[in-house]
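> Take a look at this one; I'll ask things after.
Computed from the coordinates by the stated procedures, all read-outs in this text should not be read as laboratory data. If you're wondering where the values come from, they're calculated on a predicted model, not measured in any experiment. Every residue, glycine as well, gets a Cβ built from its backbone with ideal geometry; the counts of neighbours run over all protein chains shown.
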Amino acid sequence: MERDKSFYRREAIKNSSYICGVVEGRGVIKITIVISHFSGFYGRPWTLEQRKHLFKRQNHLGLTTYLYAPKDDIKHRSSWRELYNSEEMMVLRCLVESAKDNNVNFVYAISPGLDIVYSSEEELETLKKKLDQVKAVGCHSFAVLFDDIEVHIANTIYEYLEAKTFMFCPTEYCETRAVPTLESSTYLNTIGKTLKEEIHIMWTGPHVISRYLTVEHLSRVGAVMRRKPLIWDNLHANDYDTKKIFMGPLTERSVKIKEVTSGLLTNPNGRYEANFIPIHTLSDWNAADRDSSPSKENWMMNSKNRQVTDEKSDAENREFLHNIDCNTETVYDPKISMIKAATTWIDEFVTPSPIITSLPPTIIADVAGYIVERRAGIWLRDLPKDHGVIRPEPVQADEVPPENIIQEVVPLEEPAPSELNSLVIEYSQPMETDQVENMEDEAMVEEEEAGPAETFPELVASEEEIKNQRLALLTAMCEMFYLPFENGPRVKTMFKDFTWLMQNASVMKRGFQEIETLDPLQSDWLVKYDGINEFLTNAIDAFFFVTQAPNKLLLAELVPFMFDNHGCCVVLIAVARWMMQGHCVDNPDDNMFKDIGSEEESWISLSGFKSDTIRTFSMTENSAKMFTNKIFLPLCMFCFDIRPFTMADAEYISGMVEVMLTDNQDLLHHRAKNFADRNIIPFLSSGAVHNFVCEKVDETGHRPVCYATAHSDGQSFSNYLLVHKQQLKDKYKGVTEDLKVGSTKLTEEYIEFIQKSQTPLDIEDWYPKIPQHIFEQYPAWVETYFGLDSSDAYPMKKVLHVISITLAMNGCHGYFLTVPIDDIERQKYFIVIGLDDLGTSTCQRFRILGQTVRTLSRQSSTSSDSL
């Protein structure tokens, strides 16, 4: 409906008494049986420039409050008695003035409850003196955070400061902490009666991290507190698990709760750049008059271009894409709001960050996704093509033994040292300091010769098409990093459909010649496969988009999280392709994927894209270890593809070894052919169906980087080799007896090179003799090829993950592989990524390494995983 022409939504929000904004106070939320404090967070606080940028964003979005409570400001909490020095005061004044210039109410929080002596008048005077200092820089709003602060302290400080806004956080700040219950809590009833009625009391909801905030619950809270509670919303907080970020929309908070609360402050991710969508959707919620009606909830994204399902629905709903400048009645729909925010976010990626005065050295990753035609012609044609590899951050020396270096891809954030304080001019983001220069100095630049370039048709795309493609990538990314209790809707559907594919995989064993010969179940299988393939492709392409984005702060903060999910996507899509080729038997267990989201906070640690990937492959004993990157490997900053291969790929894959210190084409060809005869053809000829090649895919085309092939019956394969070796002896008789390759006479130097390249002239020495007991526990025989460098180390690990999963899906309970006895570095690599040393071959020329992959029940696997 139309408002009166005198109504201006922006002004109405600006002048509203409803408190809505952002908390920089990521809590010490420790998810165990009981979750404790939430004032401040372990990790780096936001920088001065980020905070100033936030104030501008809040002003634009109509979010009028900012609560300053970072745990890493030691003088806000642990050293609350200490006054700020002149430099800190200058920075604090700058923040307060910047907030004021942007119509944002700066609320300074202090947490003296750790050690304040309540009975001491001297302590009270010290607290007053500290807050007087903050007040002197222009701050007129304050908050006293809990840790058993007594009510009379809060009342006294409030009256003394004559604060514009004053907030109080109780010890019992959610229903699960109320003793014995919400209504009968002596503590809550006491503060409700005795705390000055002008003081806002903070509340997180039914739980510390509340999946739902309802009018009914908050009305009960208000009755106990004798006032409307002020919501401190931890929906997007990530301090309890810094390996996760949450980029989904504000949801399960009806617009109606504004009637029973005095405000809502979001406590978002510790990574500032990850908060674009949470903050923007909060703005839409704050500006809305009501929730979307059920008829509007059919606004969904099309499977092809992520647009609405039909034009009528599109036109009908666009009028509800509201903002604070819209002066008609508006509604809030989380799905619409997220897409609206993601559309705006695109510009942040393609524009260098505006929040730093000087850009750090450019670090461009060598990344590409799957669909080359689309990539070359549409959505990435304006991005740079430089190449490079970024090293992971080093771990603390005392965290692990020196002989077993462990590296988390997203390192656990430890409490900042006491000298770290964000109220200093020198404090900055990692990308703004010498760390960037060091990272660039240490970056391993991959020097390799590109293969022949493929040519692609020149595609012409409109600006709207490019925008829609990028929107598809960002929304896929956000659904993978959605909310603590759940993945995004399409991710949930993808995992449910993937499990269905596993349960019905054997239907693809029945061949068909034409699409018309598909039976209904095969047709259903392929439809679900197409949907899975499309979503995963977009998710992987999103990794490429972010790593190539000119905004390097976004790259620095998002890529460590996306790296993990990229590996999960590659494995998922490889396994799906393998099933489509008809190599898998049905999974007999009742493994239909279920949303494990729960109101209980203990479930939060089990949620997320990687966790659901682990559960999907829980028939594999080492599923959790496979997807937890605790080994010191380079972050392989290029997208790669893993697919099954056949005999037709033998020559293509063998091209990886055509790198020799010679220009003799006969020798080069012999080397590749020799490799195929020795390592690939015997597996494929003997019936191996677990064969996967990893390819780097970029603008130049596809290029193999590593591969693995596995015969599920190693004993049978060993017997096959007896015949195969005799065939090879006949084939290579001229080489072994005449020492000639074609017309080229082998020199002593080249013979020595052949021996050192682990392809001895004596064909009997090509293959190991495996002890019989190995086949009993590790029945599958695996062959691998990869380079020990930054380009291959991580992709090879993912290929072995795919091998392990597909073997387990077909009931195999273990595999082994062999490494020449003198190849120490390769042996170390396999041990580091989780294989066991099984001793040496009977011939003493090979080291045998293996891994068990036996099938476990989903329940036992899920409950025992340490995520």
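> Rounded, prolate or oblate for segment 17-301? Axes are the square roots of the Cα gyration tensor eigenvalues, ordered a ≥ b ≥ c, and the cut-off for rounded is a/c under 1.5.
Oblate shape, in that a/c is at least 1.5 and b/c is the bigger or equal ratio.
> Applying 1/(1 + (r/R0)^6) with R0 = 45 Å to the Cβ-Cβ distance of V215 and Y160, what FRET efficiency is obtained, to the nearest 0.05?
The computed FRET efficiency comes out at 0.80.
> Rounded to the nearest 0.05, what FRET efficiency do K509 and T343 have when you use their Cβ-Cβ distance and R0 = 51 Å?
The calculated FRET efficiency here is 0.70.
> For D789 and V723, FRET efficiency with R0 = 41 Å and r from the beta-carbon atoms, rounded to 0.05?
0.70
> Hey, what did segment 17-301 get for relative contact order, percent, Cα under 8 Å, at least 6 apart?
19 percent
> Also, quick follow-up: Within segment 180-222, which trypsin sites (Lys or Arg not before Pro) sit in a loop by DSSP and count at most 14 neighbouring Cβ atoms inside 10 Å?
K196
> P(r) for segment 86-134: what percent of alpha-carbon pairs falls in each 5 Å bin, starting at zero?
5, 17, 21, 20, 15, 12, 8, 2, 0
> From the phi of every residue in segment 817-830, what ³J(HN,Hα) in whole Hz does the Karplus formula 6.51 cos²θ - 1.76 cosθ + 1.60 yield, where θ is phi - 60° and glycine or proline is x?
9, 10, 9, x, 4, 8, 8, 5, 5, 5, 4, 4, 4, 5
> In nm, to one decimal, how far is the N59 label point from the I824 one, both placed 7 Å along Cα→Cβ?
Simple spin-label model gives 6.3 nm for this pair.
> Modelling each spin label as a point 7 Å along the Cα-to-Cβ direction, I'd like the K496/T328 distance in nm, to one decimal.
3.3 nm
> What is the extension gain from E252 to K467, computed as 0.36 nm multiplied by their sequence separation minus the C-alpha to C-alpha distance, in nm to one decimal?
Computed gain between E252 and K467 is 74.5 nm.
> Separate question: Could you please rank S611, S210, placing first whichever residue has the fewest other Cβ atoms within 10 Å of its Cβ?
By the 10 Å Cβ count, ascending: S611, S210.
> To continue, here is another question. Strictly over 29 Å apart at the Cα level, which of K128/K193; K52/K552; K610/K828; K100/K243; K696/K828; K340/K625 would you flag in this model?
Violating the 29 Å Cα-Cα cut-off are K100/K243; K340/K625.
> How do L526, L788 rank when sorted from fewest to most other Cβ atoms within 10 Å of their own Cβ?
L788, L526
> Roughly how many nanometres apart are two label points built 7 Å out from the Cα toward the Cβ at E183 and S17?
Distance between label points: 2.8 nm.
> Using alpha carbon coordinates only, what is the Rg to Rh ratio of segment 155-265, with Rh defined as the Kirkwood radius?
0.99
> Ok, one more. Using 0.36 nm per residue, how much length does the chain from T852 to Y8 gain when fully extended, once their Cα-Cα distance is taken away?
Using 0.36 nm per residue and subtracting the Cα-Cα distance, I get 297.2 nm.
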